[in-house]
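So the structure is just underneath, and the comments pick up after that.
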Ligand SMILES: [Zn+2]
């Protein structure tokens, strides 16, 4: 499966993946999914929000066990974030068949659309729409860097944007959702385990900071006469790092847009996007508030107006204990309990957990590097992940 999937959307220069929602690379990934489903005789369908499904058993029977992940990527992402979950799902179905394990509940593999939010700035669009956590109206307002709206992009990719919306009937058919994912951190490397079970996802969000200054000539404007938003932005980046460190949280400015973006011009506007995460919502709110205060304070000294807009927020996700414990029980050997660990990364499983019992498996990432071409998982660990997923699916669906 990897042989066909790996070349899709790979940038020759960076070696990273650029599989953005509803682009050609995304279409190629989707075609790959369909091919894999049909090669196994699974019933293939696309839901109203463009998520792909492959069914073993009757999709309408209810109480289904669903596994899967996503195939899109961040800009210059790695090969494993998302695809490892989808590839492992198909491989786990193969494993169940090789074991002669016949499911007594319907089993499905899903590819959720636009998980990373690389193109329209909002993560987990496919699962959010299905779960009713993103309305069709709000989705219609999402635009990419070229001003193309989400519905336009979907239409150009051959999907019906009129159909976008909540899908409660579909979610009601799911009895359990299990997502396997490459670990985005080093906890398993440090504990020496190839596979772990997720306990929770940290609350996280994205905030847009607009720093409004005054454009002027870089060669003729005295320093004391400037209203330079870049200065305020730079100080805010440093403040974010410090506030996060002091609170044991995470804060990152990873995206910035500058107007007019000229080498010899003091900018009129700097727009920076803050991604922040913490173990609990109180800490997260406090950190973002402190960063905002630092920005405003500094802006006052620089003659720069600061406006902060919360673009997205995902509350803490505590995975359902019963399913989590069942998965952990199925994967723990005598004398060696499988590690159960929290993560700072958001996932479709986190979105779905508000509607259906959800669990996650993580596969060891030896460097912890993710969202980068250097993201890696060893083949043995990937195979251990497939067997673990097959064990969980068998335990849930075949008994
Ligand atoms: Zn992912």
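Would you please name the residue that is farthest from residue 316 (Cα to Cα), looking only at residues in the stretch 196-227 that are more than 16 Å from the ligand (Cβ to nearest atom) and surrounded by 23 or more Cβ atoms within 10 Å (Cβ to Cβ)?
So the residue we want is 213.
Filter the stretch 315-365 down to the residues that are assigned to a helix (DSSP H, G or I) and more than 16 Å from the ligand (Cβ to nearest atom) and list them by number. Step through it out loud before you land on a result.
Here is the first cut: in the stretch 315-365, the ones assigned to a helix (DSSP H, G or I) are 321-331, 348-352.
Selection gives 321, 322, 323, 324, 325, 326, 327, 328, 329, 330, 331.
Tally up the residues in the stretch 108-141 that are outside any loop (DSSP other than H, G, I, E, B) and within 16 Å of the ligand (Cβ to nearest atom), please.
Of the stretch 108-141, the ones outside any loop (DSSP other than H, G, I, E, B) are 108-112, 125-130, 136-141.
In the following step, the residues that additionally are within 16 Å of the ligand (Cβ to nearest atom) were identified as 109-112, 125-128.
Here the count works out to 8.
Across the stretch 190-210, what is the number of residues that are in a loop (DSSP other than H, G, I, E, B) and touching a residue at least 12 places away in the same chain (Cβ under 8 Å)?
4
Against the definition (assigned by TED's automatic domain parsing to the domain that holds residue 352, touching a residue at least 40 places away in the same chain (Cβ under 8 Å), out of contact with any helix residue (DSSP H, G or I) (no Cβ under 9 Å at 6 or more places or on another chain) and closer than 27 Å to residue 346 by Cβ), how does residue 83 come out, yes or no?
Working: assigned by TED's automatic domain parsing to the domain that holds residue 352: yes; touching a residue at least 40 places away in the same chain (Cβ under 8 Å): yes; out of contact with any helix residue (DSSP H, G or I) (no Cβ under 9 Å at 6 or more places or on another chain): no; closer than 27 Å to residue 346 by Cβ: yes.
When the stated conditions are applied, residue 83 does not pass them.
Of all the strands (runs of 3 or more DSSP E) wholly in the stretch 38-107, which have at least 1 residues that are within 16 Å of the ligand (Cβ to nearest atom)?
On the way: elements: 43-46, 52-56, 64-70.
Strands (runs of 3 or more DSSP E) meeting the threshold: 52-56, 64-70.
Is there a residue being closer than 30 Å to residue 307 by Cα, touching a residue at least 24 places away in the same chain (Cβ under 8 Å), within 16 Å of the ligand (Cβ to nearest atom) and in a strand (DSSP E or B) anywhere in the stretch 166-189?
To start, the set of residues in the stretch 166-189 that are closer than 30 Å to residue 307 by Cα comprises none.
No, because not a single residue in the stretch 166-189 is closer than 30 Å to residue 307 by Cα, touching a residue at least 24 places away in the same chain (Cβ under 8 Å), within 16 Å of the ligand (Cβ to nearest atom) and in a strand (DSSP E or B).
Given the options 254, 248, 158, name the one that is under 30 Å from residue 79 (Cα atoms) and outside the structural domain of residue 281 (by TED's automatic domain parsing).
Values: 254 fails: outside the structural domain of residue 281 (by TED's automatic domain parsing); 248 fails: outside the structural domain of residue 281 (by TED's automatic domain parsing).
Being under 30 Å from residue 79 (Cα atoms) and outside the structural domain of residue 281 (by TED's automatic domain parsing) holds for just one of 254, 248, 158, which is 158.
So which residues in the stretch 363-388 are closer than 23 Å to residue 93 by Cβ and in contact with a helix residue (DSSP H, G or I) (Cβ under 6 Å, 6 or more places away or on another chain), if there are any at all? Before the answer, list the steps.
Our first condition is that a residue be closer than 23 Å to residue 93 by Cβ; within the stretch 363-388, this holds for 363-364, 377-388.
Correct list: 363, 364, 385, 386, 388.
Filter the stretch 260-287 for residues that are closer than 26 Å to residue 242 by Cα, touching a residue at least 40 places away in the same chain (Cβ under 8 Å) and outside any loop (DSSP other than H, G, I, E, B) and give the result. Working first, answer last.
Of the residues in the stretch 260-287, the ones closer than 26 Å to residue 242 by Cα are 267, 269-287.
So of that shortlist, the ones also touching a residue at least 40 places away in the same chain (Cβ under 8 Å) come out as 267, 269-281, 284, 287.
269, 270, 271, 272, 273, 274, 275, 276, 277, 281, 284, 287 - these are the residues of the stretch 260-287 that are closer than 26 Å to residue 242 by Cα, touching a residue at least 40 places away in the same chain (Cβ under 8 Å) and outside any loop (DSSP other than H, G, I, E, B).
When residue 383 is evaluated against the numbered criteria (1) at pLDDT 95 or above; (2) touching a strand residue (DSSP E or B) at 6+ places or on another chain (Cβ under 9 Å); (3) over 20 Å from residue 115 (Cβ atoms), which criterion, by number, is the only one it fails?
For residue 383, the failing item is (2).
Considering only the stretch 140-152, state which residues are over 17 Å from residue 207 (Cα atoms), crowded, with 18+ Cβ neighbours inside 10 Å and in contact with a strand residue (DSSP E or B) (Cβ under 9 Å, 6 or more places away or on another chain).
Selection gives 150 alone.
Could you please give the count of residues in the stretch 282-311 that are farther than 26 Å from residue 231 by Cα and either assigned by TED's automatic domain parsing to the domain that holds residue 348 or surrounded by fewer than 16 Cβ atoms within 10 Å (Cβ to Cβ) (or both)? Please lay out each step first, then the result.
The initial filter retains those residues of the stretch 282-311 that are farther than 26 Å from residue 231 by Cα, namely 282-283.
Keeping just the survivors that are either assigned by TED's automatic domain parsing to the domain that holds residue 348 or surrounded by fewer than 16 Cβ atoms within 10 Å (Cβ to Cβ) (or both) gives 282.
Residues meeting the conditions: 1.
Could you say whether any residue in the stretch 228-247 is on the phi > 0 side of the Ramachandran plot and at pLDDT 95 or above?
To start, the set of residues in the stretch 228-247 that are on the phi > 0 side of the Ramachandran plot comprises none.
Scanning the stretch 228-247 turns up no residue that is on the phi > 0 side of the Ramachandran plot and at pLDDT 95 or above.
Being in a loop (DSSP other than H, G, I, E, B) and within 20 Å of residue 70 (Cα to Cα) is the filter here, so list the residues in the stretch 143-159 that pass it. Walk me through it before giving the result.
Step one: list which residues in the stretch 143-159 are in a loop (DSSP other than H, G, I, E, B), which gives 144-148, 157-159.
Listed by number, the residues that qualify are 144, 157, 158, 159.
The values are calculated or read from the model by the stated rules, or taken from the named source; none is laboratory data. These numbers were taken from a predicted model, which means no experiment stands behind them. Neighbour counts run over all protein chains shown; Cβ positions are idealised from the backbone, glycine included.
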